Amino acid sequence: MSHGFDTLQIHAGARPDPSTGARQTPIYQTTAYVFRDADHAAALFNLQEVGFIYSRLTNPTVAVLQERIATLEGGVGAVCCSSGHAAQIMALFPLMMPGRNIVASTRLYGGTVTQFSHTIKRFGWEVKFVDFDDLDAVKAAIDDDTRAIFGEAIANPGGYIMDVRAIADVADEAQIPLIIDNTTATPYLCRPIDLGATLVVHSTTKYLTGNGTVMGGCVVDSGNFDWSATDKFPSLSAPEPAYHGLKFHETFGNLAFTFHGIAIGLRDLGMTLNPQAAHYTLMGTETLSLRMDRHVANAEKIAKWLEADDRIEYVTYAGLESSPYFERVKKVCPKGAGGLFTFAVKGGYDACVKLVNALEVFSHVANLGDTRSLIIHSASTTHRQLTEEQQEAAGAGPSVVRVSIGTEDPDDLIADLDQALKQATS
Ligand SMILES: *Cc1c(COP(=O)(O)O)cnc(C)c1O
C-alpha cells in the first residue's frame, strides 16, 4: 500500500507497541536488551538476526525514527546519530581513508565549512571546495582519490539552490556517491534521492524536530549505489577487518551502507542518538508538511515585503522572481524555496546590530528551522573571525542578516521588522 506524505510523516515506522498496545511510540529508556538464550545472542552478534543488543547500536524508539525518515526521503534505510555534524562524519566514514578527498560546494552551513576545512584533516581527509554552478570545475576537481561529492539542496545562509540532478550526473560519471545535506529543505520540499543523490544527511535538530528542543542527525541511504562496481569502497565491497572480515555489500545488498553505519559507525564512533531525542523528533515529523507549508508562505510574504522596502538593499530568496534561482527552485523544491533567506540593510553593520537588538518577536540565536522566527547577524557572531572579504564570499557581509522565518502570524512578523527597521535606520 502506498500512502501520501502527510500520512507517512505520522505513521511510517510506527506501530502499536507489541507488549502494551501503546498507540504512541514509547520512549524505550533502556541501555541493554535481554537475550532469549545464548544462541539468540550469538545470532545477533553475527548479524544473522536483526534485533536489539545495546543502545549505542540500536534502540526501538530510534529505530522508528530511522524508518520514518528513510521512508520520507525514499531511501532503503537510515542511521540516526547525535547531531547533524555527527551525521556528516557518519556518512563519510565508510567511504574515506587517509589520503582520500571529497568535492564540496562552496555554499554550505558555516559549521560544515569549518568541519571540512580543519577538523577532518586530522583524519587524513581533504576537501576541495568548488562553485557548484560551474559543472566543469566540479568535474575538474574530481581525481582518483575522490570518494564523494557533497552539497546542500537549499544552501545556507539562504537563496542558493543546488542543481541536484546536474551534480548527480557528474557523480554517476565518476562512479562516486553524491551526498546531499537536506536539512534546510526537508524531504517535504526536496527529495534528493529522486534527483539522483546516493546519500542524504540531516541535522534533525532543525525542521524535522521543528521546535528547537533536541540535537540529532540522520544519514539516509538510497540503496542505489553499486559499492562493488569499482575497488574504491573496500569497507563495503571487500572483507571488513573491523567486523571479522564480513563483506557488507555481498551480505546485505542494498542495505550495506546502513548495516555498516550501525555495526561499525555507531559501534566504534559512538555518535548515538538517545531515545528521548528520538521521541521529540518523532513528534516533530508528524507535523512536518503543515509547518513547511506555513514556513514557505510566511517566508514568501515577508521576503516580498522586505524587497519593496526602501530601507533594504536586497533580499536573497529563491522564491522571489528577482532571484537567479527562481526557475531552478521549481525543479529542485517544487513546493517552495524554504523558510531561510538573507537581506542587506542600508546603513551596514551598525544598522544590522541595531535591528537585531530592536526586534521583539524574532529571537537573536544561532539556529534555524524553529517554529519561532530567528535572526542572526553573521558578521558580528558566527562569521566574526573572518575578514570582510571572506564574509562577503560567504554571503555574510557586514550589512547582511539571515532570518529563519517561523510559523507565527506573518503580519506580526512584518510589524516587528517594520518597528525594528525604523529604530535601526533612523
Ligand atoms: C545545523 C546544520 C548542520 C549541523 O547540525 P547540528 O545538528 O547542529 O550538528 C549541518 N548542516 C546544516 C545545513 C545545518 O543547518
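The values are calculated or read from the model by the stated rules, or taken from the named source; none is laboratory data. A quick note: this is a predicted structure, and the numbers were derived from the prediction, not measured. Heads up, the Cβs are rebuilt from the backbone with ideal geometry, glycines too, and the neighbour counts pull from every protein chain shown. Note: areas computed on protein heavy atoms with side chains; ligands, DNA, RNA excluded. Shrake-Rupley method; radii C 1.70, N 1.55, O 1.52, S 1.80 Å.
When PHE116 is tested against (1) out of contact with any helix residue (DSSP H, G or I) (no Cβ under 7 Å at 6 or more places or on another chain); (2) closer than 23 Å to ILE89 by Cβ; (3) open to solvent by 10 Å² or more (accessible area, probe 1.4 Å); (4) assigned to a helix (DSSP H, G or I), just one condition goes unmet, and that condition is (3).
With respect to the stated conditions, SER289 is assigned to a helix (DSSP H, G or I), under 30 Å from LEU340 (Cα atoms) and among the hydroxyl-bearing types (Ser, Thr, Tyr).
Of GLN48, GLN88, all but one fail to be within 16 Å of the ligand (Cβ to nearest atom) and among the polar types (S, T, N, Q); the exception is GLN88. Only one entry of ALA104, ALA140 meets the criterion of being surrounded by fewer than 17 Cβ atoms within 10 Å (Cβ to Cβ), modelled with pLDDT of 95 or more and in the same structural domain as TRP227 (by TED's automatic domain parsing), and that entry is ALA140.
Scanning the range 373-407 for residues that are part of a helix (DSSP H, G or I) and open to solvent by less than 20 Å² (accessible area, probe 1.4 Å) gives SER378, ALA379, GLN391. Screening THR7 against (1) open to solvent by 40 Å² or more (accessible area, probe 1.4 Å); (2) hydroxyl-bearing (Ser, Thr, Tyr); (3) part of a loop (DSSP other than H, G, I, E, B) leaves a single unmet condition, (3).
So that you can scan it fast, the table gives a plain yes or no per residue for (1) at pLDDT below 95; (2) among the basic types (Lys, Arg); (3) in contact with a Pro (Cβ under 7 Å, 6 or more places away or on another chain):
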{"position": "LEU236", "(1), (2), (3)": "no, no, yes"}
{"position": "PRO239", "(1), (2), (3)": "no, no, no"}
{"position": "GLU250", "(1), (2), (3)": "no, no, no"}
{"position": "ILE264", "(1), (2), (3)": "no, no, no"}
{"position": "THR281", "(1), (2), (3)": "no, no, no"}
{"position": "GLY284", "(1), (2), (3)": "no, no, no"}
{"position": "ARG291", "(1), (2), (3)": "no, yes, no"}
{"position": "ARG294", "(1), (2), (3)": "no, yes, no"}
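The set of residues from the range 67-88 being open to solvent by 20 Å² or more (accessible area, probe 1.4 Å) and assigned to a helix (DSSP H, G or I) comprises GLU67, THR71, HIS85. Scanning the range 214-226 for residues that are surrounded by fewer than 24 Cβ atoms within 10 Å (Cβ to Cβ) and either within 12 Å of the ligand (Cβ to nearest atom) or aliphatic (A, V, I, L, M) (or both) turns up VAL214, MET215.
Look through the range 349-372, keep the residues that are out of contact with any strand residue (DSSP E or B) (no Cβ under 7 Å at 6 or more places or on another chain) and either part of a loop (DSSP other than H, G, I, E, B) or more than 16 Å from ALA420 (Cβ to Cβ) (or both), and return whichever of them is nearest to the ligand (Cβ to nearest atom).
Taking the range 349-372 as the starting set, the residues that turn out to be out of contact with any strand residue (DSSP E or B) (no Cβ under 7 Å at 6 or more places or on another chain) are 349-350, 353-354, 357-358, 360-361, 371.
Pick out the ones that are also either part of a loop (DSSP other than H, G, I, E, B) or more than 16 Å from ALA420 (Cβ to Cβ) (or both) and you get 360-361, 371.
Numbers: GLU360: 25, VAL361: 22, THR371: 16 Å.
Out of the qualifying residues, it is THR371.
The residues on offer are ALA148, ALA171, and the sole one that is more than 15 Å from the ligand (Cβ to nearest atom), part of a strand (DSSP E or B), open to solvent by less than 20 Å² (accessible area, probe 1.4 Å) and under 19 Å from MET96 (Cα atoms) is ALA148.
Against the numbered list (1) more than 16 Å from the ligand (Cβ to nearest atom); (2) hydrophobic (A, V, I, L, M, F, W, C); (3) at pLDDT 90 or above, ALA393 comes up short only at (3).
Annotation: of all residues in the range 187-212 being farther than 21 Å from GLY261 by Cβ and not in a loop (DSSP other than H, G, I, E, B), the one that is farthest from the ligand (Cβ to nearest atom) is TYR188. Pairs please, first residue from the range 110-124 and under 16 Å from GLY151 (Cα atoms), second anywhere and at pLDDT 95 or above, Cβ atoms under 7 Å, 6+ apart in sequence or on different chains. Short answer, once both residue conditions are applied: GLY111/HIS85; THR112/GLN88; GLN115/HIS85; GLN115/GLN88; PHE116/ALA104; PHE116/VAL127; SER117/VAL127.
Restricting to the range 296-322, name every residue that is open to solvent by 20 Å² or more (accessible area, probe 1.4 Å) and within 23 Å of the chain's Cα centre (by Cα). Those that are open to solvent by 20 Å² or more (accessible area, probe 1.4 Å) and within 23 Å of the chain's Cα centre (by Cα): ALA297, GLU300, THR316.
Say whether the condition of being under 24 Å from the mean Cα position of the chain (by Cα) and closer than 22 Å to SER105 by Cβ is met by at least one residue in the range 369-376. It would help to see each step written out before you state the result.
Filtering the range 369-376 down to residues under 24 Å from the mean Cα position of the chain (by Cα) leaves 369-376.
In the following step, the residues that additionally are closer than 22 Å to SER105 by Cβ were identified as 369, 376.
Yes: the range 369-376 contains one or more residues that are under 24 Å from the mean Cα position of the chain (by Cα) and closer than 22 Å to SER105 by Cβ.
Within the range 13-41, take every residue that is open to solvent by 50 Å² or more (accessible area, probe 1.4 Å) and aliphatic (A, V, I, L, M) and give me the one that is nearest to the chain's Cα centre (by Cα). Among those that are open to solvent by 50 Å² or more (accessible area, probe 1.4 Å) and aliphatic (A, V, I, L, M), it is ILE27. Checked across the range 60-71, the condition of being closer than 22 Å to TYR243 by Cβ, more than 31 Å from the chain's Cα centre (by Cα) and in the same structural domain as CYS190 (by TED's automatic domain parsing) holds for no residue. Note on the range 91-112: residues that are within 19 Å of GLY369 (Cβ to Cβ) and more than 10 Å from the ligand (Cβ to nearest atom) amount to 1. Within the range 159-168, identify whether any single residue is within 13 Å of the ligand (Cβ to nearest atom), open to solvent by 10 Å² or more (accessible area, probe 1.4 Å), among the hydrophobic types (A, V, I, L, M, F, W, C) and at negative phi, and answer yes or no. No, every residue in the range 159-168 fails to be within 13 Å of the ligand (Cβ to nearest atom), open to solvent by 10 Å² or more (accessible area, probe 1.4 Å), among the hydrophobic types (A, V, I, L, M, F, W, C) and at negative phi.
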